[in-house]
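Heads up, the thing below is written out as structure tokens.
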Amino acid sequence: MEKKYRLELIGITYNQIESGVYALILQQVGTTRRIPIIIGFLEAQAIECKLQEVATPRPLTHDTMAASLEAFGISLIRVEIRKLPNGVFAADLVLSDGKNERIIDSRSSDAVALAIRVGAPIYTSEQVLLEAGFDAKGTSTADAPTQEESREAGESKDSIASMTTSQLSEAMLLAAENEDYEEAAKIKAELERRKNNNEEG
């Protein structure tokens, strides 16, 4: 069985350059290795509300999920953060009714939002830490981008620049649906750049 490493939630950072983009920061317990997970505004809001103990007039979605689990005697044993082949983070919710365990697929942001509400531990694998982690002291634990990765990043930028505004809008929605918030943010930045250029012209 693959060894799992426990993570703690450090907080959420806001990207000053890409509007509406947030990063969920998780850190390996006992070390300075951290994993940033790009999330959207609503997900960030759900997590921040709990972190800041903000009282909402009505239960948020994750509050309802936690209450539903409790009502049926189901416990969230742990959350396991993993990384999909396309680079998007996902998570497994390990649930138990006291007799049987079940694993439910989840978005990483939803899993963390639920975990902090019920006090469930969060884990990940060494592979995820190596691929996506960085050292908070300034030394990255991931390898530097390869020439192929750098080329693909350049092609992505060129592709975005060559798309029409209509195509960009559709691509941004598709990226958001696929939880590729980094790509969605790049497209949004291009749309805003074009909008500003039109206003100046």
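Being modelled with pLDDT of 65 or more and surrounded by fewer than 13 Cβ atoms within 10 Å (Cβ to Cβ) holds for only one residue in LYS195, LYS188, and it is LYS195.
Counting only residues that are part of a strand (DSSP E or B) and out of contact with any Asp or Glu (no Cβ under 8 Å at 6 or more places or on another chain), the stretch 94-126 holds 3 of them. Tell me whether the stretch 167-179 contains one or more residues that are closer than 25 Å to LEU51 by Cβ and at pLDDT below 75. Yes, the stretch 167-179 contains a residue that is closer than 25 Å to LEU51 by Cβ and at pLDDT below 75. How many residues does the stretch 5-56 contain that are in a strand (DSSP E or B), crowded, with 16+ Cβ neighbours inside 10 Å and either modelled with pLDDT under 90 or not aromatic (Phe, Trp, Tyr) (or both)? Of the residues in that region, 17 qualify.
Of all the numbered requirements in (1) in contact with a His (Cβ under 7 Å, 6 or more places away or on another chain); (2) at pLDDT below 95, LEU114 misses one, and that requirement is (2).
The values are calculated or read from the model by the stated rules, or taken from the named source; none is laboratory data. Since the model is a prediction, treat every value here as computed from it, not as a measurement. Cβ atoms come from the backbone with ideal geometry, glycine included; neighbour counts cover every protein chain shown.
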